[in-house]
Amino acid sequence: MQSETVTELTIVIVNYNATDYLDQCLESVARETRRCSYRIVVVDNASTDQDTAILKRNHPEIDLLCNQRNLGFATACNQGIRRRPASYYLLLNPDSLILDGAIDQSLELLRSRSDVGIVGCRVLNPDGTLQLASRRSIPRLSTALYRLLRLSLLFPRSKVLARYNLTFLDEDSVHEVEAVSGSFLMFRAALLEGDGFLDESFFLYGEDLDFCYRALQKGWNVIYYPEAKITHFKGRSSHRSRKSLYHYYEAMGIFYRKHYGAQSSPLKNALVLAGIRLLYWSALLRTVITGRRDVGSPY
């Protein structure tokens, strides 16, 4: 990290061909964040949609780091984290709008709760509905199966079948959960100790779940805090493509091998990983037939 005074909050925004959204995002941060000291680091992953010199000229307040090639989301986040030392960090997607002082409110919660390592807000679709990734459980084979069979959609109030997206919880209430959305993920610097940085083996998708899981394993609480809200234009920053579809399913395999592979039999591992590959090829076939490239939540 650079040798400098530690600021209270560093906001890390990874940009990849989402510059139009990034302008609005930065404006919303400035407009809605009044009660804390913060710095913004924008890590551009070799975007081609705008000259980064123009971005810097339009937003002289940002610390802009430009990569010569797309290094992936997790790696770029780590670059931004290391760039500006802080007591707290916020990972924020560029296709997001801060609403009603969401950053101030989330930071106040972290300040007041020494047991909390991570805070996630209420992430809204542009139509005002809740994005299910706002609060989640860590993916397990059972929850993946319930989602695959669409049982979680058929029985959204079931504490068993709907466990992954926790749709049985009141979305207006604060809850301790296992994971929150990577589109707005605020955490304290203590989480970075040891192996606390984002796992760079995840190129795109899954790194937020892994980060939350490791925080839980270290004894930190993860909080869904609905008083803080953002609008997230989901998918605009990843430019959904066959490549992103590949990374989506690759993240599943990385997460499974990392957290479950050593405790499972070779046969079970082979079956699970084969199942993930089958899901990938099925999804790829659907994109060819239908032309749709949406991938949704990676789990």
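In Å², what does the accessible area per residue of the range 140-184 work out to with a 1.4 Å probe?
Per residue, the range 140-184 has an accessible area of 57 Å².
Sticking with the crude label model, points 7 Å out along Cα→Cβ, report the distance from residue 8 to residue 243 in nm, one decimal please.
3.9
With the cut-off at 1.5 for a/c, could you classify the range 1-79 from its C-alpha gyration tensor as rounded, prolate or oblate? Write down the numbers at each step before the final one.
On the way: a/c = 1.88, a/b = 1.24, b/c = 1.52.
Taking the square roots of the gyration eigenvalues as a ≥ b ≥ c, the range 1-79 is oblate.
Alpha carbons only, please: Rg and Dmax for the range 158-229, in angstrom.
Taking only Cα atoms of the range 158-229, I get Rg and Dmax of 13.1, 37 Å.
With n ≥ 4 as the cut-off for DSSP H runs, can you work out [θ] at 222 nm for the chain, using -39500 (n - 2.57) per run divided by the number of residues, rounded to the nearest 500? Before the final figure, lay out the partial values.
On the way: 9 runs with 109 residues, N = 299.
Using -39500 (n - 2.57) per qualifying helix, the result is -11500 deg cm²/dmol.
Carbon and sulfur atoms: what percent of the 1.4 Å accessible area of the chain do they account for? Present the calculation step by step, with values, prior to reporting the outcome.
Details: 7220 of 13620 Å².
Of the solvent-accessible surface of the chain, carbon and sulfur hold 53 percent.
Give the accessible surface of the range 1-138 per residue, rounded to a whole number of Å², with probe radius 1.4 Å and ligands, DNA and RNA excluded. Write down the numbers at each step before the final one.
Working: 5430 Å² over 138 residues.
Spelled out: the 1.4 Å probe surface of the range 1-138, per residue, equals 39 Å².
Which length gain, in nm to one decimal place, applies between residue 197 and residue 169 when the Cα-Cα distance is subtracted from 0.36 nm times their residue separation?
Details: separation 28, 0.36 × 28 = 10.08 nm, distance 2.96 nm.
That pair, residue 197 and residue 169, stretches by 7.1 nm at full extension.
Based on the Cα gyration tensor of the range 4-162, what are the three equivalent ellipsoid semi-axes, each the root of five times an eigenvalue, rounded to whole Å and given largest first?
Details: eigenvalues 187, 82, 50 Å².
Taking √(5λ) for each Cα gyration eigenvalue gives 31, 20, 16 Å.
Given +1 on the Cβ of Lys and Arg, -1 on the Cβ of Asp and Glu, and no further charges, what dipole in debye does the range 38-164 carry about its Cα centre, rounded to the nearest 20? The partial results should precede the final answer.
On the way: 18 positive and 11 negative charges, 157 e Å.
With Lys and Arg at +1 and Asp and Glu at -1, about 760 debye.
Taking the Cα centre of the chain as the origin and placing charges on Cβ (Lys, Arg +1; Asp, Glu -1), which of 138, 45, 219 is farthest toward the positive end of the dipole?
Farthest towards the positive end: 138.
Mean shadow of the chain, computed from the convex hull of its alpha carbons, in nm²? Spell out each step's value before the answer.
Numbers: hull surface 63.0 nm².
In nm², the orientation-averaged hull projection of the chain is 15.7.
Name the residue from 26, 149, 183 whose Cα lies farthest towards the positive end of the charge dipole of the chain, charges +1 on Cβ of Lys and Arg and -1 on Cβ of Asp and Glu.
149
Explain nothing, just the number: dipole magnitude of the chain about its Cα centre with +1 on each Lys and Arg Cβ and -1 on each Asp and Glu Cβ, in debye rounded to the nearest 20.
Values: 37 positive and 32 negative charges, 234 e Å.
Dipole magnitude for the chain comes out near 1120 debye.
Kirkwood Rh, the range 112-223, all Cα pairs: how many Å?
Values: mean 1/r = 0.0679 Å⁻¹.
Evaluated over the range 112-223, this radius sits at 14.7 Å.
The values are calculated or read from the model by the stated rules, or taken from the named source; none is laboratory data. Everything numeric in this text was worked out from a predicted model, so none of it was measured. Because the Cβ atoms are built from the backbone with ideal geometry, glycine has one as well, and the counts that use them run over all protein chains shown. Just so you know, the surface numbers come from the protein's heavy atoms only, side chains and all, with ligands and any DNA or RNA stripped out. Shrake-Rupley method; radii C 1.70, N 1.55, O 1.52, S 1.80 Å.
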